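Take a look at the structure below.
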Amino acid sequence: MPSYKLTYFPIRGRAEHLRVLFAYAKVDYVDNRIPKEEWEKLKPTTPFGQLPVLEIDGVQVEQSIALARHLAKQFGLDGKDDLERLQADVFVAHLEDLRASFTPLLKEQDPEKKKEILAKLQAEVFPSFFEKLEKRVAKNGFSAGKSILWSDIVLATFLEALIIKNVLGDDFATKYPSLIRVKDSVYNTPQVKAYLDKRPHTDI
């Protein structure tokens, strides 16, 4: 088994699905959480000037989704055949599309305008998007098959962040029970619960 060192800020952000993936697979790694004040000094030493970076036997690799796909393959969590692997890739691609829709909300500084952007997302983007994912998960059992894959872990950490930020609405669990079931299935496994119990507290 290779040695792994994951470097990211002391938040969940774009590295949390990797941390949960390691926990779920019961694979040891170094969780290197650097203070933001150290970032400017570290930045020139990273491959693309961005985090997270995963060192695999000392080789630095960036891009969190590509890293998750690679780790899933190493850990046997990428799917049982080519079609299932494709479906997992597609599911994560949809989540990344939704994540991109939050960019205007994150960039906006005016509180009232932020409320307007969020209201538009809740009214025009979320319903169609989550209804489609709900139907897919309800049909398959999980995001791309009958058991937890890396795409389910990405979904779980993504939903957790949105729930913490309180942007999904109080009736989300009622409307989309299959999506919540996937999140709970990931987070209720003993090895992931053990990670969550010792995880440093952060908002996101």
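The values are calculated or read from the model by the stated rules, or taken from the named source; none is laboratory data. This is a predicted model, so every value here is computed, not measured. Cβ: placed from backbone, ideal geometry, glycine included. Neighbour counts: every protein chain shown. What goes into the accessible areas is simple: the full protein's heavy atoms, side chains included, and nothing from ligands, DNA or RNA. Shrake-Rupley method; radii C 1.70, N 1.55, O 1.52, S 1.80 Å.
Quick check on the range 186-204: of everything there that is of a type outside the set (S, T, Y) and open to solvent by less than 70 Å² (accessible area, probe 1.4 Å), which residue is farthest from N166 (Cα to Cα)? Looking at residues that are of a type outside the set (S, T, Y) and open to solvent by less than 70 Å² (accessible area, probe 1.4 Å), I get Q191.
Taken over the range 101-149, the criterion of being of a type in the set (A, V, I, L, M, F, W, C), at pLDDT 90 or above and over 17 Å from F172 (Cβ atoms) is satisfied by I117, F142, A144, I148, L149.
Taking the range 67-94 as the range and being closer than 20 Å to L6 by Cβ, open to solvent by less than 70 Å² (accessible area, probe 1.4 Å) and either over 12 Å from the mean Cα position of the chain (by Cα) or not small (G, A, S) (or both) as the test, the residues that pass are L67, L71, A72, F75, G76, L77, D78, V92.
Collect the residues in the range 1-39 that are at pLDDT below 95 and over 22 Å from P200 (Cβ atoms), keeping them in residue-number order. Within the range 1-39, just M1 meets the criteria. Could you say whether any residue in the range 161-168 is farther than 19 Å from D97 by Cβ, without any contact (Cβ under 8 Å) to a residue 12 or more places away in the chain and assigned to a loop (DSSP other than H, G, I, E, B)? Within the range 161-168, one or more residues are farther than 19 Å from D97 by Cβ, without any contact (Cβ under 8 Å) to a residue 12 or more places away in the chain and assigned to a loop (DSSP other than H, G, I, E, B). For the range 95-115, the candidate set comprises residues that are open to solvent by less than 40 Å² (accessible area, probe 1.4 Å) and aliphatic (A, V, I, L, M); within that set, the residue that is nearest to K146 (Cα to Cα) is L95. Of the residues in the range 116-130, none is in contact with a helix residue (DSSP H, G or I) (Cβ under 8 Å, 6 or more places away or on another chain), free of Cβ contacts under 8 Å to residues at least 24 places away in the same chain, within 20 Å of E16 (Cα to Cα) and surrounded by 15 or more Cβ atoms within 10 Å (Cβ to Cβ).
So which residues in the range 46-66 are surrounded by 10 or more Cβ atoms within 10 Å (Cβ to Cβ), among the β-branched types (V, I, T) and more than 18 Å from the chain's Cα centre (by Cα), if there are any at all? Within the range 46-66, T46, I56 meet the criteria. Within the range 122-129, can one find any residue that is within 14 Å of the chain's Cα centre (by Cα) and either more than 26 Å from S185 (Cα to Cα) or among the charged types (D, E, K, R) (or both)? No - not one qualifying residue is present in the range 122-129.
When every residue of the range 142-151 is checked against the conditions, none turns out to be among the hydroxyl-bearing types (S, T, Y) and open to solvent by 80 Å² or more (accessible area, probe 1.4 Å). Can S143 be described as assigned to a helix (DSSP H, G or I) and polar (S, T, N, Q)? The answer is no for S143. Checking every residue in the range 16-37 against the condition of being among the small types (G, A, S), free of Cβ contacts under 8 Å to residues at least 40 places away in the same chain and open to solvent by less than 30 Å² (accessible area, probe 1.4 Å) gives zero matches.
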